[in-house]
Amino acid sequence: MIIHGFGGNEKEILYLHEYLKQNNLDSFWIQLTGHDGNKQNFSKATSDQWLADVKRKLDELEQQYTYITCIGFSMGGLLTIQASERASVDQLILCSTPIYLYNVNVIMQDIAGGIFFKKQEKLDYYFSSAKTASIRSCFQFLSLLQKTKKKLKNETQSTTNKRMLILQNRQDETTYYKSAYYLAKASKAQVSLKIYENGRHQLFLGENKNIAVEDIKKFILHE
């Protein structure tokens, strides 16, 4: 089960979804409440609704599957951690999952490159990101982030026998790469950590997408 990120949609994770299906793995993704492209709907959505979306989909999948690998991209990783105590979730994959936000050096490099080298696509990416989120929706995200940090600190031994893969691009502009080290240290699961050089936040749309999906497949299949 794949969960997209804050303010995102299926485009963020479709490359992974299709890759898993092509390799004979049953793959499902969910659209979180308010992530239908309507900014007004997004501004009204709450973190409790996002948690309920994940619970509802897991309830559905548990009717057919005994064990489920939960994969979260960006904020989807926070939701994956929240679902980690469910008995059916035996493997967790966190992709570009934030604990620390923003790599200012990378952002400034991108903006400077966009201005001086006339790379309009870089500027458009940041402008569109800024327009997407309202103050209310940002508050909901931060609320989920704080709730997840608290869960990690107070986590019981219930995830000790579970497996976790953490993937992170070092040059991620949105999730500061040290988030991956925090998650690896804080989790009680059996953790594998992979840091990719270069690459930005959109892991499955960027230069490291091929190696990332291959690493995920190998992890799922215990290869």
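The values are calculated or read from the model by the stated rules, or taken from the named source; none is laboratory data. Nothing here was measured: the structure is a model prediction, and the numbers come from that model. Positions of Cβ are generated from backbone atoms using ideal geometry, with glycine treated the same way; all protein chains shown enter the neighbour counts. The protein model used for the area step is the full one, side chains on, heavy atoms only, and it has no ligands, DNA or RNA in it. Shrake-Rupley method; radii C 1.70, N 1.55, O 1.52, S 1.80 Å.
If I go through region 19-41 residue by residue, how many of them are touching a helix residue (DSSP H, G or I) at 6+ places or on another chain (Cβ under 9 Å) and open to solvent by less than 70 Å² (accessible area, probe 1.4 Å)? So that I can check it myself, show each step before the final result.
Residues of region 19-41 that are touching a helix residue (DSSP H, G or I) at 6+ places or on another chain (Cβ under 9 Å), as a first pass: 19-20, 23, 25-36, 39.
Those still in the list that are open to solvent by less than 70 Å² (accessible area, probe 1.4 Å) too: 19-20, 23, 25, 27-28, 30, 32-35.
Residues flagged as touching a helix residue (DSSP H, G or I) at 6+ places or on another chain (Cβ under 9 Å) and open to solvent by less than 70 Å² (accessible area, probe 1.4 Å) within region 19-41 amount to 11.
When you scan region 39-71, how many residues do you find that are in a loop (DSSP other than H, G, I, E, B), of a type outside the set (Phe, Trp, Tyr) and over 19 Å from the mean Cα position of the chain (by Cα)? Spell out the reasoning first.
Initial filter on region 39-71 (in a loop (DSSP other than H, G, I, E, B)): 45-46, 62-67.
From the residues that got through so far, the ones that are of a type outside the set (Phe, Trp, Tyr) too are 45-46, 62-64, 66.
Keeping just the survivors that are over 19 Å from the mean Cα position of the chain (by Cα) gives 62-64, 66.
Going through region 39-71 one residue at a time, the tally reaches 4.
Mind checking which residues of region 1-18 are farther than 16 Å from Ala45 by Cα, out of contact with any helix residue (DSSP H, G or I) (no Cβ under 7 Å at 6 or more places or on another chain) and either free of Cβ contacts under 8 Å to residues at least 60 places away in the same chain or assigned to a loop (DSSP other than H, G, I, E, B) (or both)?
Within region 1-18, Glu10, Ile13, His17, Glu18 meet the criteria.
Which of the residues belonging to region 146-187 are polar (S, T, N, Q) and open to solvent by 10 Å² or more (accessible area, probe 1.4 Å)? Steps first, please.
To start, the set of residues in region 146-187 that are polar (S, T, N, Q) comprises 146, 148, 154, 156-161, 168-169, 171, 174-175, 179, 187.
If the condition is that a residue be polar (S, T, N, Q) and open to solvent by 10 Å² or more (accessible area, probe 1.4 Å), then Gln146, Asn154, Thr156, Gln157, Ser158, Thr160, Asn161, Gln171, Thr174, Ser187 are the ones that fit.
So which residues in region 19-33 are out of contact with any Leu (no Cβ under 6 Å at 6 or more places or on another chain) and not in a helix (DSSP H, G or I), if there are any at all?
Here is the first cut: in region 19-33, the ones out of contact with any Leu (no Cβ under 6 Å at 6 or more places or on another chain) are 19-26, 28-33.
Within region 19-33, Asn23, Asn24, Leu25, Asp26, Phe28, Trp29, Ile30, Gln31, Leu32, Thr33 meet the criteria.
For region 188-207, which positions are part of a loop (DSSP other than H, G, I, E, B) and either open to solvent by 20 Å² or more (accessible area, probe 1.4 Å) or farther than 25 Å from Ser27 by Cα (or both)?
First, the residues of region 188-207 that are part of a loop (DSSP other than H, G, I, E, B): 188-189, 197-207.
If the condition is that a residue be part of a loop (DSSP other than H, G, I, E, B) and either open to solvent by 20 Å² or more (accessible area, probe 1.4 Å) or farther than 25 Å from Ser27 by Cα (or both), then Lys188, Glu197, Asn198, Arg200, Gln202, Leu205, Gly206, Glu207 are the ones that fit.
Please go through region 70-106 and pick out each residue that is under 15 Å from Arg170 (Cβ atoms) and touching an Asp or Glu at 6+ places or on another chain (Cβ under 8 Å).
Matches in region 70-106: Ser96, Tyr102, Asn103, Val106.
Could you please find all residues in region 123-141 being surrounded by 12 or more Cβ atoms within 10 Å (Cβ to Cβ) and at pLDDT 55 or above?
Of everything in region 123-141, those that are surrounded by 12 or more Cβ atoms within 10 Å (Cβ to Cβ) and at pLDDT 55 or above turn out to be Tyr125, Ser129, Thr132, Ala133, Ser134, Arg136, Ser137, Cys138, Phe139, Gln140, Phe141.
Can you pull out every residue in region 157-191 that is without any contact (Cβ under 8 Å) to a residue 60 or more places away in the chain and of a type in the set (Val, Ile, Thr)?
Thr160, Val191
Select from region 72-85 the residues that are part of a loop (DSSP other than H, G, I, E, B) and over 17 Å from Ser27 (Cβ atoms) and list them in ascending order.
Kept after step one, since they are part of a loop (DSSP other than H, G, I, E, B), are these residues of region 72-85: 74, 83-85.
Within region 72-85, Ser74, Ser84, Glu85 meet the criteria.
Could you tell me whether Asp36 is part of a helix (DSSP H, G or I), more than 15 Å from the chain's Cα centre (by Cα) and without any contact (Cβ under 8 Å) to a residue 40 or more places away in the chain?
On the way: part of a helix (DSSP H, G or I): no; more than 15 Å from the chain's Cα centre (by Cα): yes; without any contact (Cβ under 8 Å) to a residue 40 or more places away in the chain: yes.
So Asp36 fails the test.
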